[in-house]
Structures are given as C-alpha cells and as structure tokens.
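Novice: First, the structure itself, so that you have it in front of you.
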Amino acid sequence: MVKTLAMPPQYIPDSSPQGSPGGASQAVTLEVRHLKAGYGTTPVLRDVNIKFYDTKVTAIIGPSGCGKSTMIRCLNRMHEITPGASVEGEVLLEGKSILALDPVELRRHVGMVFQRPNPFPSMSIFDNVASGLVLNGARNRPLIAERVEDSLRKAALWDEVKDKLRQPGMSLSGGQQQRLCIARALAVEPRVLLMDEPCSALDPIATARIEELMLGLKNNLTIIIVTHNMQQAARVSDYTAFMLTGELVEFTQTQQIFTKPSDKRTEDYITGRFG
Amino acid sequence: MPAVQRTAAEERIDSRSKRVTGLRERAGDRAFRWFVAGFGWMIIALAVMVGLQLAVGSQLTWTKLGAPFLWKSDWDPVAEKFGALPFIYGTLVSSALALLIAIPLGVGSAIFLAELAPRRVSDACTFLIELLAAVPSVILGLMGIFLLVPAVRSVEPTLTKFLGFLPLFRGVPYGVGLLTAGLILSIMILPFITVITREVLLAVPRSLKEAMLALGATHWETVVGVSLPYARSGIAGAVFLSLGRALGETMAVTMVIGNTPKISWSLLDPSYSMAAVIANELTEAVGDLHLSSLIAIGLTLFAITVVINGLARLMIYRVTRRGAAA
Ligand SMILES: Nc1ncnc2c1ncn2[C@@H]1O[C@H](COP(=O)(O)OP(=O)(O)OP(=O)(O)O)[C@@H](O)[C@H]1O
Ligand SMILES: [Mg+2]
C-alpha cells in the first residue's frame with residue numbers, strides 16, 4: 001500500500017455533533033476510539049475516532065478503498081472473520097466494549113445490510129425474514145408471523161409480498177430483495193443498522209424507496225450508511241463522515257459538510273475535484 | 001444529427017472482411033458442429049446398443065421364464081432353476097448400507113475440510129482422499145479379506161448380543177456378508193462424496209455466509225442454515241454418482257460378500273450381488289439358459305442403474321429449480 005503523505009493529526013472539529021442542534025445531549029449508541037484495522041500487514045484504518053448517535057443517520061463517504069467497509073465491518077466484528085484481519089482499539093456499544101460481548105450476541109444488536117441483496121436462496125420470503133428470529137430461539141409461530149409482518153411493513157415491502165410469503169426470496173426484484181434483506185435485519189430489533197452501499201445495485205426508484213424507508217426507520221435506530229452517492233448522503237443523513245486513506249478527515253452535520261466543509265480535502269472530494 | 005460519414009472504400013473493405021471472416025467462421029462452425037454432434041450421438045448409440053445387446057443375449061430367459069425371473073429367489077444352475085431376486089437384493093442392500101455409512105462420514109469430513117480446517121491442511125487432506133479414490137478395487141478387496149473380514153467377524157458376536165433383538169443382526173459370525181460388503185463399498189465411495197461435497201461447500205457465496213453471520217448465527221448455524229441447503233443439489237449429485245459406482249462394483253464386493261445366493265434379513269449373513277454373480281459364473285456357464293440368465297441379470301443391473309440415474313437427474317432438477325440455488 002502506498003504510504004500517504006504526512007497528514008495532520010486526527011481532526012476532530014469543534015462543530016462535532018457533541019454540541020449538536022437543539023442543545024439537548026444526544027445519546028451515543030456506538031463510540032469508536034483509536035480504531036486501527038488492517039489485512040495481514042497492510043494497515044487500512046489508522047486511528048479512527050467517531051461517535052454514532054441514536055435516532056440519527058450517519059453517512060460515511062470517501063473514495064474507493066479508503067476503508068469505509070472495513071470500518072463498518074469492525075462495528076459488528078465481521079472484520080475479524082476475514083482471514084488475516086487485524087484490529088486494535090475500542091468500540092463501545094452503549095458504553096460497553098464490543099470485544100467483551102460474544103460476536104454472536106453483538107451481531108443481534110448491530111444488524112447489517114450488504115451492497116448486493118443477498119436473501120437466502122433456499123428460503124421463502126417468510127423464512128428469510130424469520131431466520132434471525134429462529135436463530136434467536138423464537139419458536140412461537142404466531143409471534144414469529146407477527147414479527148415478520150411487522151418487519152416487512154417497516155421495510156415497506158409488506159403490501160408487495162403479503163400474498164406470496166411462501167415463494168422463494170430470490171423470486172423478487174433486486175430492489176425488493178434489498179428491502180427483504182432490510183426486513184431480515186430489522187426482525188431481530190437491532191439497536192444499530194449498518195448499511196454498506198445498500199443502493200449501489202439498485203435503480204433510482206428502488207433507491208428512493210430505500211431512502212424514504214431509512215428516514216422512517218431512524219426513529220428508534222442508529223443508522224450508519226456507507227455511500228458513494230453524495231446526493232444520497234445529503235438527502236438521508238444527519239451527520240456525515242468523510243474518510244480518506246484510512247483516516248477520518250471530517251465528521252460533522254451533513255448540512256455543514258456539504259455547504260461549508262472545514263477541510264480542503266473534504267471540499268475537493270465533495271466538489272468532485274478529487275482524483 | 002449528421003450520421004457518421006464513411007468513404008466508399010472504407011465501406012467496401014469493411015464489408016469484404018466481414019464477409020470473409022463470416023464465411024470462414026460459418027464453415028468452421030458447421031464442421032465443428034457436425035463433429036461434436038457425431039460424438040454426442042455416438043455416446044447415445046453406445047448406450048442403446050449395450051441395452052440391445054443385453055436384451056438379445058438374454059432373450060432365452062425372458063421367453064422361457066418370463067418376468068417371474070426377477071422375483072424368483074432360487075438360483076440353481078444344475079437344476080436349471082434361475083431367479084434373480086437374491087442378487088438384486090444383495091446389490092441394493094449392500095449399496096444402501098454403503099450410502100448409509102458414507103453419506104454422514106463424507107459430508108461431515110467435507111464440512112470440516114471446507115469450513116474448519118486451515119486451507120493448507122484441507123488441500124493436503126483432499127489430495128490424500130483423492131488418492132483413496134484411485135486405489136484399484138481388487139486391492140480394496142484384498143484389504144477386505146485380510147483386515148475387514150476378521151475385524152467384522154470379531155465384532156459380530158457383540159453386535160448380535162446388543163442388537164440381536166433386530167433381525168438385522170442375527171446369525172452366525174462368518175465375517176463375510178452384506179455388512180462387510182457395505183463397509184468396503186462405503187470406503188470406495190467415500191472419496192467421491194467427500195471431495196465433491198467439499199468443492200460445492202467451497203463454492204457457497206461468501207455473501208450468503210456473511211449474511212447469516214451478520215444476523216447473529218454461529219459458525220455451525222451458518223453451515224446448517226446456509227451452506228448445506230445451498231450445496232444440497234451438488235451433494236445429491238455426489239451421492240447418486242457414488243450409488244452408481246456402488247451398484248456396479250464387482251471385484252471388491254465379490255471378495256467379501258460370501259457369494260451365496262440367499263435372501264436373509266440378517267446383514268451378517270453371506271449374500272451375492274448382480275455384478276459378482278456375472279463375473280463369477282459367466283465363464284463356467286454351460287447351459288444356454290444359464291448363460292442367458294446371467295445376461296438377463298446384466299440387463300437388470302443396467303436398467304436399475306439407468307432408472308436411478310434418471311431419478312437423480314429429476315431430483316436435482318427439482319431441487320435446483322425450487323431453490324434456484326445452482
Ligand atoms: N479481504 C481483504 N484482504 C486484503 N485487503 C483488503 C481486503 N478487503 C479490503 N482490503 C483493502 O483494504 C482497503 C480498504 O478496503 P475497503 O473495502 O474498506 O474500502 P472501501 O472504502 O469500502 O472501498 P469501496 O468504496 O470501494 O467499497 C483497500 O485498500 C483494500 O484493498
Ligand atoms: Mg466498500
């Protein structure tokens with residue numbers, strides 16, 4: 001990996017969301033402290049510090065390869081299942097270190113939606129959504145059915161699939177599949193929802209539906225979304241983090257980052273002047 | 001919008017080269033198609049001809065004894081009594097036994113090799129397992145006679161003692177018999193099941209496994225919930241391939257099955273298989289009816305193999321269409 005030029009020390013702006021609008025102190029769901037991660041001997045993240053707030057959507061933007069996926073995969077400890085992966089530093093979920101939690105337990109609180117829709121091909125629509133519940137030991141059929149319906153409604157998919165719950169999840173369109181995956185993640189009622197470029201395989205209409213959905217969901221969730229689409233970040237997020245070669249360059253309210261970014265590199269990236 | 005202008009010369013060169021390459025390709029394509037189609041038909045013709053030849057050779061049996069040949073159970077060439085059931089029974093039961101042993105063992109070790117073992121260990125083990133598949137069956141038969149038969153003989157009394165309430169485990173501990181044949185066959189087919197299953201497990205998309213893990217599944221739950229269902233059509237394919245092999249296996253089976261045309265409930269009793277009786281008696285068959293009956297057994301074996309392979313195709317087709325997994 002090409003070593004980057006000397007960067008100024010980690011920039012944590014004064015306008016960081018600690019002193020956020022409304023003045024009310026906001027609940028921090030996830031706090032990342034001095035996170036370093038890499039693959040083999042290649043460092044990818046160098047000392048990232050960031051906080052994610054309850055009931056807010058945080059967008060993570062940055063050029064390809066800067067470590068966005070690596071970072072959010074550290075948040076549910078999916079990073080460590082990659083062979084050769086290394087991680088250092090602290091991540092606190094509601095004040096508790098996630099390293100102290102069983103990864104299995106952690107992932108039930110921190111759900112994830114992937115770049116490509118990945119419903120389980122051997123399962124029906126219903127079973128896809130129910131899979132997390134069943135893993136959690138739910139056995140009560142009526143209760144499961146209720147939760148499945150509830151999750152599908154939250155994912156704005158219920159009306160489209162309510163008559164064909166027994167059909168394979170793969171029979172849906174790409175956008176529907178992605179909403180199915182969101183419903184699957186929501187069914188276990190996570191505290192945090194990680195989304196890694198959830199719309200990059202979708203057309204603008206499907207994308208719009210998912211964005212709309214996120215705005216509805218954030219009322220009782222912390223949503224973290226990685227996106228390459230600046231407009232999307234501007235539309236859906238309350239806070240935006242800009243990353244560059246494994247470092248957090250700027251993290252502040254979305255409106256501010258898009259109107260008057262305080263770092264030159266952020267400005268270059270947002271205005272498209274970046275490499 | 002003005003269309004792209006091209007000079008007449010350009011047009012000419014372009015169309016000529018297109019025509020030339022087009023022609024050459026088409027001629028080549030056609031030759032290739034005939035060539036390959038010829039091979040394809042030849043394989044089909046071979047299969048049909050094998051069937052026909054067997055049918056012609058066994059005509060005497062079918063006209064003299066008719067269909068009851070298939071479900072009569074006495075076989076006495078001297079008295080000219082011919083019934084194929086003991087052989088059909090021996091073949092089917094020993095193969096079923098082999099699958100019963102080899103499927104859990106093979107799938108289990110494939111899960112270990114694909115999901116748990118470090119890649120290098122996994123590759124090394126797979127290489128060794130593939131070697132096992134290359135051992136000639138007569139060698140396995142020898143191993144069977146010298147190692148397996150005495151071993152089975154020594155555990156049979158224990159089996160009878162504890163499981164003797166089942167008719168499956170009664171009788172005199174000869175050592176040779178259905179159980180031993182099933183064991184030998186399971187060793188023969190184990191490599192196929194293991195290696196193919198490992199391969200299909202390795203082909204399970206990472207994104208699916210990650211989706212399951214991200215839902216809070218353990219490694220084990222991911223294997224059961226995602227990997228095995230995804231791989232099931234491949235595993236079914238491996239099982240049927242193995243079954244085909246087990247049904248037709250001759251040498252190793254005849255060396256340990258006891259070569260006695262009797263139907264018995266007990267797995268400990270000696271039995272006989274279709275392939276084994278053909279191999280053993282064909283050269284000594286004196287009567288026409290004897291010879292013809294052996295060929296009729298051959299035809300039956302051929303038919304059973306075709307039917308089982310057909311069913312396998314059907315099942316794999318159903319499974320893949322339903323799950324859209326392949
Ligand atoms: N499994 C892996 N093994 C080795 N290196 C990896 C692996 N995954 C990612 N990397 C490297 O880590 C760096 C960061 O990757 P990451 O996937 O986090 O980037 P990203 O910001 O998500 O990029 P994109 O926007 O393209 O998704 C890249 O340089 C990449 O080459
Ligand atoms: Mg990424």
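Novice: Within the set of pairs 6+ apart or on separate chains, which have a first residue in region A:59-72 that is under 15 Å from residue A:114 (Cα atoms), a second that is among the basic types (Lys, Arg) and within 9 Å of ligand 2 (Cβ to nearest atom), and C-beta atoms under 8 Å apart?
Specialist: A:60/A:68
Novice: Hey, among the residues in region B:257-274 that are of a type in the set (A, V, I, L, M, F, W, C) and open to solvent by 10 Å² or more (accessible area, probe 1.4 Å), which one's nearest to residue B:85 (Cα to Cα)?
Specialist: Residues of region B:257-274 that are of a type in the set (A, V, I, L, M, F, W, C), as a first pass: B:257, B:263, B:265, B:267-268, B:274.
Those still in the list that are open to solvent by 10 Å² or more (accessible area, probe 1.4 Å) too: B:263, B:265, B:267.
Details: B:263: 8, B:265: 14, B:267: 16 Å.
Selected residue: B:263.
Novice: Please work out which residue is nearest to the chain's Cα centre (by Cα), limiting yourself to region B:97-122 and to residues that are without any contact (Cβ under 8 Å) to a residue 60 or more places away in the chain and within 22 Å of residue B:237 (Cα to Cα).
Specialist: B:104
Novice: If you go through region B:26-48 one residue at a time, how many are closer than 23 Å to residue B:301 by Cβ and open to solvent by less than 100 Å² (accessible area, probe 1.4 Å)?
Specialist: Final tally of qualifying residues: 4.
Novice: For region B:280-304, give me each residue that is surrounded by fewer than 16 Cβ atoms within 10 Å (Cβ to Cβ) and part of a helix (DSSP H, G or I). Give the derivation first.
Specialist: At the first step, the residues of region B:280-304 found to be surrounded by fewer than 16 Cβ atoms within 10 Å (Cβ to Cβ) are B:280, B:282-284, B:286-288, B:303.
Within region B:280-304, B:280, B:282, B:283, B:284, B:288, B:303 qualify.
Novice: Moving to a separate point now. Take the residues in region A:61-89 that are away from chain B (no Cβ under 13 Å), farther than 22 Å from residue A:41 by Cβ and of a type outside the set (A, V, I, L, M, F, W, C), then tell me which one is most open to solvent (accessible area, probe 1.4 Å).
Specialist: Checked region A:61-89; the qualifying residue most open to solvent (accessible area, probe 1.4 Å) is A:63.
Novice: Can you pull out every residue in region B:144-179 that is within 24 Å of residue B:86 (Cα to Cα) and among the small types (Gly, Ala, Ser)?
Specialist: B:144, B:164, B:171, B:175, B:177 - these are the residues of region B:144-179 that are within 24 Å of residue B:86 (Cα to Cα) and among the small types (Gly, Ala, Ser).
Novice: List pairs: first residue in region B:197-217 and in a loop (DSSP other than H, G, I, E, B), second residue among the aromatic types (Phe, Trp, Tyr) anywhere in the structure, Cβ distance under 6 angstrom, at least six positions apart or on different chains.
Specialist: Pairs found: B:204/B:230.
Novice: Any residue at all in region A:109-119 that is assigned to a helix (DSSP H, G or I) and either open to solvent by less than 10 Å² (accessible area, probe 1.4 Å) or more than 21 Å from residue A:161 (Cα to Cα) (or both)?
Specialist: Keep residues of region A:109-119 that are assigned to a helix (DSSP H, G or I), which gives A:109.
From the residues that got through so far, the ones that are either open to solvent by less than 10 Å² (accessible area, probe 1.4 Å) or more than 21 Å from residue A:161 (Cα to Cα) (or both) too are A:109.
Checking region A:109-119: at least one residue is assigned to a helix (DSSP H, G or I) and either open to solvent by less than 10 Å² (accessible area, probe 1.4 Å) or more than 21 Å from residue A:161 (Cα to Cα) (or both).
This table checks each residue for (1) modelled with pLDDT under 90; (2) among the β-branched types (Val, Ile, Thr); (3) within 22 Å of residue A:129 (Cβ to Cβ).
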{"position": "A:196", "(1), (2), (3)": "no, no, yes"}
{"position": "A:204", "(1), (2), (3)": "yes, no, no"}
{"position": "A:207", "(1), (2), (3)": "yes, yes, yes"}
{"position": "A:210", "(1), (2), (3)": "yes, yes, yes"}
{"position": "A:218", "(1), (2), (3)": "yes, no, yes"}
{"position": "A:224", "(1), (2), (3)": "no, yes, yes"}
{"position": "A:234", "(1), (2), (3)": "no, no, no"}
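Novice: Just the residues that are more than 8 Å from ligand 1 (Cβ to nearest atom) and under 22 Å from residue A:94 (Cα atoms), please, taken from region A:60-79.
Specialist: Taking region A:60-79 first, the residues more than 8 Å from ligand 1 (Cβ to nearest atom) are A:60-61, A:72, A:74-79.
Listed by number, the residues that qualify are A:60, A:72, A:74, A:75, A:76, A:77, A:78, A:79.
Novice: Continuing with the same structure: Specify which of the listed residues (A:103, A:43) is touching a Gly at 6+ places or on another chain (Cβ under 9 Å) and at the interface with chain B (Cβ under 9 Å from one of its Cβ atoms).
Specialist: Numbers: A:43 fails: at the interface with chain B (Cβ under 9 Å from one of its Cβ atoms).
Sole residue among the options that is touching a Gly at 6+ places or on another chain (Cβ under 9 Å) and at the interface with chain B (Cβ under 9 Å from one of its Cβ atoms): A:103.
Novice: Can I ask one more? Condition test on residue A:137, is it within 17 Å of residue B:218 (Cα to Cα) and either assigned to a helix (DSSP H, G or I) or more than 10 Å from every other protein chain (Cβ to nearest Cβ) (or both)? Spell out the reasoning first.
Specialist: Values: within 17 Å of residue B:218 (Cα to Cα): yes; either assigned to a helix (DSSP H, G or I) or more than 10 Å from every other protein chain (Cβ to nearest Cβ) (or both): yes.
Criteria met by residue A:137.
Novice: Scan region A:167-185 and tell me whether some residue there is within 16 Å of ligand 1 (Cβ to nearest atom), more than 11 Å from chain B (Cβ to nearest Cβ) and touching a Gly at 6+ places or on another chain (Cβ under 7 Å). Give the derivation first.
Specialist: Filtering region A:167-185 for residues within 16 Å of ligand 1 (Cβ to nearest atom) gives none.
Scanning region A:167-185, I find no residue that is within 16 Å of ligand 1 (Cβ to nearest atom), more than 11 Å from chain B (Cβ to nearest Cβ) and touching a Gly at 6+ places or on another chain (Cβ under 7 Å), so the answer is no.
Novice: Right, here's the next one. Please go through (1) within 9 Å of chain B (Cβ to nearest Cβ); (2) away from ligand 2 (no atom under 16 Å from the Cβ) for residue A:114 and return the number of the only condition it doesn't satisfy.
Specialist: The single condition residue A:114 does not satisfy is (2).
Novice: Of the residues in region A:144-170, how many are within 18 Å of residue A:212 (Cβ to Cβ), in contact (Cβ under 8 Å) with a residue 40 or more places away in the chain and small (Gly, Ala, Ser)?
Specialist: Qualifying residue count, region A:144-170: 2.
The values are calculated or read from the model by the stated rules, or taken from the named source; none is laboratory data. This structure is a prediction, so every number in the text was calculated from the model and none was measured. Cβ: placed from backbone, ideal geometry, glycine included. Neighbour counts: every protein chain shown. Heads up: the accessible areas ignore ligands, DNA and RNA and are worked out on the full protein's heavy atoms, side chains in. Shrake-Rupley method; radii C 1.70, N 1.55, O 1.52, S 1.80 Å.
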